[in-house]
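Asks: One structure coming up, written as structure tokens, with questions to follow.
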Amino acid sequence: QVQLVESGGGLVQPGGSLRLSCAASGLAFSSNAMSWYRQAPGKERELVAGITGAGDSTNYLDSVKGRFTISRDNSKNTVYLQMNSLKPEDAAVYYCNARREWGSGIATIYWGQGTQVTVSL
């Protein structure tokens with residue numbers, strides 16, 4: 001059974017930092033691209049950052065570039081999201097996502113349960 005368990009969310013003041021973690025089990029971790037998504041109330045879920053299975057390529061939402069860093073430790077089956085200079089508009093539930101491409105348009109996708117990030121004075 002695949003499990004993605006996020007942790008590290010919480011309340012932080014504007015300008016502060018948080019580090020989210022997502023521990024994966026039940027899958028071949030290094031074969032999965034990992035991503036962080038977020039969803040704020042009344043808004044669609046959006047891709048925040050992604051990293052390839054080998055960790056050699058990353059991509060970011062424009063609004064978080066230079067502030068957020070995604071990384072992974074394949075020896076620990078864990079992906080991280082370091083969030084610095086947080087803004088109120090970063091507040092959302094953050095979700096971990098694992099995706100493995102099998103070819104011919106087939107992919108397996110898994111989601112974590114989400115962790116709340118609140119940015120407020």
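Asks: Would you mind computing, in nm to one decimal, how far apart the modelled labels at Gln1 and Asn74 are, each placed 7 Å from Cα along Cα→Cβ?
Replies: Going from the Gln1 label point to the Asn74 one covers 2.8 nm.
Asks: Also, I was wondering about something else. With the crude spin-label approximation of a point 7 Å out along Cα→Cβ, what separation in nm comes out for Thr52 versus Ala28?
Replies: 1.7
Asks: In addition: Using the alpha-carbon centroid of each, what span in Å lies between region 1-26 and region 54-79?
Replies: Measuring centre to centre over Cα atoms gives 13 Å.
Asks: Check which residues have an amide H placed less than 5 Å from Ala91's amide H, if you skip close sequence neighbours.
Replies: Val119
Asks: List the residues, sorted by chain then number, that are 5 or more residues from Gly16 or on another chain and whose placed amide H is less than 5 Å from its amide H.
Replies: It is Leu86, by chain and number.
Asks: Right, another one. Apply the Karplus curve 6.51 cos²θ - 1.76 cosθ + 1.60, θ = phi - 60°, to the phi angles in region 74-88 and return the couplings in whole Hz, x for Gly and Pro.
Replies: Karplus values, whole Hz, x for Gly and Pro: 5, 6, 10, 6, 9, 10, 10, 9, 8, 10, 10, 6, 5, 10, x.
Asks: Next up: Quote the convex hull volume per residue of region 8-89, based on C-alpha atoms, as a whole number of Å³.
Replies: That works out to 102 Å³ per residue.
Asks: Something else about it: What list of ³J(HN,Hα) values in whole Hz, one per residue of region 31-45 in order, does the Karplus curve 6.51 cos²θ - 1.76 cosθ + 1.60 (θ = phi - 60°) give from phi, with Gly and Pro shown as x?
Replies: Values, residue by residue: 8, 10, 6, 10, 9, 10, 10, 9, 9, 9, x, x, 10, 6, 5 Hz.
Asks: Would you please name the trypsin sites (Lys or Arg not before Pro) within region 35-121 that are DSSP coil residues with at most 14 other C-beta atoms within 10 Å of their C-beta?
Replies: Counting only loop positions with at most 14 other Cβ atoms within 10 Å, the trypsin sites (Lys or Arg not before Pro) in region 35-121 are Lys43, Lys65, Lys76.
Asks: Just how large is the dipole of region 12-121 about the Cα centre, in debye to the nearest 20, putting +1 at every Lys and Arg Cβ and -1 at every Asp and Glu Cβ?
Replies: 140
Asks: How high is the relative contact order of the chain? Use alpha-carbon pairs under 8 Å, at least six apart in sequence, and give a whole percent.
Replies: Answer for the chain is 35 percent.
Asks: Right, here's the next one. Just want the answer: with Cβ charges of +1 for Lys and Arg and -1 for Asp and Glu, which residue in Ser120, Val48, Leu81 is farthest toward the dipole's positive end in region 45-121?
Replies: Leu81
Asks: Starting from the Cα of Lys87, draw a straight line to each of the lysines and keep only those under 18 Å, dropping any in the same chain fewer than 8 residues away.
Replies: Within the straight-line limit of under 18 Å, Lys87 reaches these lysines: Lys43, Lys65.
Asks: May I ask you to compute the full-extension gain from Arg67 to Glu89, defined as 0.36 nm times their residue separation minus their alpha-carbon distance, rounded to one decimal in nm?
Replies: Answer, rounded to one decimal: 6.6 nm.
Asks: Between Ser120 and Leu11, what length comes free when the chain is fully extended (0.36 nm per residue of separation minus the Cα-Cα distance, one decimal in nm)?
Replies: Going from the current span to full extension adds 38.5 nm.
FYI, it's all coordinate maths here, none of it is from the lab. Small disclaimer: the values here were computed from a predicted structure and weren't measured. Quick reminder, even Gly has a Cβ in these numbers, built from the backbone with ideal geometry, and neighbours come from all protein chains shown.
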